[in-house]
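J.: Sharing a structure with you now.
The values are calculated or read from the model by the stated rules, or taken from the named source; none is laboratory data. Here the structure is a predicted model, which is why all the values come from computation and not from measurement. All Cβ positions, even for glycine, are placed from backbone atoms using ideal geometry, and neighbour counts span all protein chains on display. Keep in mind that these areas ignore ligands, DNA and RNA; they rest on the heavy atoms of the full protein, side chains included. Shrake-Rupley method; radii C 1.70, N 1.55, O 1.52, S 1.80 Å.
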Amino acid sequence: MARKASPQVELTERDLSRWRLVEDFKTRLAQAAEAYPLHPTWSDPERLLHYPDYLSLFLLGLLNPVVRTLRGLCSASHLQRVQQEVCSRPVSLGSFSESQGVLNPGLLAEVFRQLSQELPVAKGPAHPGGRRWLIQDGSLFEALPRMYWALWRRQGQAQSQVRLHLSLDLAQNAPARARLTPGKGCERAAWRTQWQRGDGFVADRYYGEDYQLFGELDEAGVALVVRLRDEAVLNVEEELPLTEADREAKVIRAAWVWLGCKARYRSIRLRVVWVQTDKEVLRLVTNLGPEELTAAEVALLYKQRWQIELFFRRVKCILGCRHWLAESPQGVAIEIYLALIAALLLQLYTGQAPNRRMMELIQFYLLGVATLEELWAGVERERAQLARRKKS
């Protein structure tokens, strides 16, 4: 049975003894494999390297600060402790490389989906508009020049990039849905595959360039709060009154509008909220009326959009997902999904998104330098410091 952690519950000594990220990952992997079809080669009796060992060793490469190359990872598999806790046997370079071609990343996508549903929802007021709000954005990961499938653009020297399209759950401050494409993949096209009826999305200016997209979202029963570009043409239909709460949220104007300068490109009827910041005036568009989502709630929702940028930073800098242990499309997808799974597991165990200091403590424990009690004491100190910063 998968363990669910909660930041409000005091962990016991028995709970602490279960701090085994790799073991937990293997358990979840086995559960996902029951419902997800695997390549026939994994059931071949002559195959020595099994998929749980392969993926667990891959995960070790993301969590361990020492192992940063594929050769180093295979070398670590010859260590007795690694064989006892991570993989059951030594792994050759050829076996490790070959496995990425016969493992469907969809298996990890299923583990990721199940994990994202286990995270506790933060305490606070009901979801604005009675919806689950997600922040939508994409981020580029540098790829190697020989990863030709990831070619993004040619400006001087050819550039290769991998793009992660992510939906971050605002209440959990954790990823809920993900999709990987080459860098040239359109973010709005990927977004179309990720929304579900009843969702609410917060997004930046790029997602507000296609006015027809707003109609598709509304027809699909999806709410939106999207920033408009300064060049957007607004045809004001009706000015709306502001409340005191709206003004406190720095809202200076609200109106029903139609977007677009030509009739054939015009949007559906939308509401625009003007918000004054320290640097500029933001124009935020939503398809919900004031009775469903106040102007103040629109402003506060968009203010949370920055959380997804912080998550991308954690994946790239704290988890170190910048060095590719695999270079094929499937191998890259496996590595990105494992990074997302590692982020969710760490948040599930610690009760919050791990920062750099917390990740260092976890790595000290995985290296055997720190005890489990020292690790948990450090996690509690980080929690207390974060609480003090929020109050100040």
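J.: For the range 248-269, enumerate the residues that are aliphatic (A, V, I, L, M), outside any strand (DSSP E or B) and under 18 Å from E291 (Cβ atoms).
T.: Once the filter is applied, which keeps residues that are aliphatic (A, V, I, L, M), outside any strand (DSSP E or B) and under 18 Å from E291 (Cβ atoms), the range 248-269 yields A249, I268.
J.: Are any residues in the range 171-185 modelled with pLDDT of 90 or more and either charged (D, E, K, R) or in a loop (DSSP other than H, G, I, E, B) (or both), and if so, which ones?
T.: Result: R177, R179.
J.: While we're on this one: Of the residues in the range 63-99, how many are of a type in the set (K, R) and out of contact with any helix residue (DSSP H, G or I) (no Cβ under 8 Å at 6 or more places or on another chain)?
T.: Number satisfying all stated conditions: 1.
J.: Going by the structure shown, is T350 within 18 Å of the chain's Cα centre (by Cα), polar (S, T, N, Q) and open to solvent by less than 10 Å² (accessible area, probe 1.4 Å)?
T.: Yes, satisfied.
J.: If I ask for residues that are in a helix (DSSP H, G or I) and open to solvent by 70 Å² or more (accessible area, probe 1.4 Å), which ones from the range 217-230 would you list?
T.: D218, E219
J.: Which residue is surrounded by the most Cβ atoms within 10 Å (Cβ to Cβ), if the candidates are limited to the range 303-313 and must be touching a strand residue (DSSP E or B) at 6+ places or on another chain (Cβ under 8 Å) and of a type outside the set (V, I, T)?
T.: Among those that are touching a strand residue (DSSP E or B) at 6+ places or on another chain (Cβ under 8 Å) and of a type outside the set (V, I, T), it is F311.
J.: Got at least one residue in the range 145-163 being over 30 Å from A254 (Cβ atoms) and modelled with pLDDT of 90 or more?
T.: Yes, because at least one residue in the range 145-163 is over 30 Å from A254 (Cβ atoms) and modelled with pLDDT of 90 or more.
J.: Among (1) free of Cβ contacts under 8 Å to residues at least 24 places away in the same chain; (2) open to solvent by 70 Å² or more (accessible area, probe 1.4 Å), which single condition is H39 missing?
T.: (1)
J.: Go through R89, R47 for me and flag whichever is over 28 Å from the mean Cα position of the chain (by Cα), free of Cβ contacts under 8 Å to residues at least 40 places away in the same chain and over 26 Å from L361 (Cα atoms). Steps first, please.
T.: On the way: R89 fails: free of Cβ contacts under 8 Å to residues at least 40 places away in the same chain.
After ruling out the rest, the residue left standing is R47.
J.: What helices (runs of 4 or more DSSP H) lie completely within the range 282-372 and have 1 or more residues being in contact (Cβ under 8 Å) with a residue 40 or more places away in the chain, among the hydroxyl-bearing types (S, T, Y) and under 25 Å from A223 (Cβ atoms)? Walk me through how you get there before you give the answer.
T.: Values: elements: 295-303, 306-313, 329-350, 356-366.
Fully inside the range 282-372 and qualifying: 295-303.
J.: Has the range 123-142 got any residue that is aliphatic (A, V, I, L, M), under 26 Å from W306 (Cα atoms) and either touching a Cys at 6+ places or on another chain (Cβ under 6 Å) or modelled with pLDDT under 80 (or both)? Write out each step before concluding.
T.: Taking the range 123-142 first, the residues aliphatic (A, V, I, L, M) are 126, 134-135, 140.
Remaining after also requiring under 26 Å from W306 (Cα atoms): 126, 134-135, 140.
If we keep only those that are either touching a Cys at 6+ places or on another chain (Cβ under 6 Å) or modelled with pLDDT under 80 (or both) as well, we get 126.
Yes: the range 123-142 contains one or more residues that are aliphatic (A, V, I, L, M), under 26 Å from W306 (Cα atoms) and either touching a Cys at 6+ places or on another chain (Cβ under 6 Å) or modelled with pLDDT under 80 (or both).
J.: Over 27 Å from A150 (Cβ atoms) and small (G, A, S): which single residue out of G289, G331 fits that description?
T.: Details: G331 fails: over 27 Å from A150 (Cβ atoms).
After ruling out the rest, the residue left standing is G289.
A quick yes/no check of all residues on (1) open to solvent by 50 Å² or more (accessible area, probe 1.4 Å); (2) closer than 21 Å to L180 by Cα:
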site: L48; (1), (2): yes, no
site: G61; (1), (2): no, yes
site: G72; (1), (2): no, no
site: H78; (1), (2): yes, no
site: V82; (1), (2): no, no
site: E85; (1), (2): yes, no
site: L93; (1), (2): yes, no
site: L103; (1), (2): no, yes
site: F112; (1), (2): no, yes
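J.: If you don't mind, there's one more thing I want to ask. Identify the single condition in (1) within 18 Å of L340 (Cα to Cα); (2) modelled with pLDDT of 80 or more that R192 does not satisfy, given that it satisfies every other one.
T.: (1)
J.: Taking the criterion of being open to solvent by 10 Å² or more (accessible area, probe 1.4 Å), out of contact with any strand residue (DSSP E or B) (no Cβ under 8 Å at 6 or more places or on another chain) and either on the phi > 0 side of the Ramachandran plot or touching a residue at least 60 places away in the same chain (Cβ under 8 Å) (or both), would at least one residue in the range 184-191 satisfy it?
T.: no
J.: Sticking with this structure for a sec: May I ask you to say which residue of L319, L284, L300 is open to solvent by less than 60 Å² (accessible area, probe 1.4 Å), at pLDDT 90 or above and under 23 Å from D137 (Cβ atoms)?
T.: The conditions single out L284.
J.: Any chance you could count how many residues in the range 16-36 are open to solvent by 30 Å² or more (accessible area, probe 1.4 Å) and touching a Pro at 6+ places or on another chain (Cβ under 6 Å)?
T.: 1
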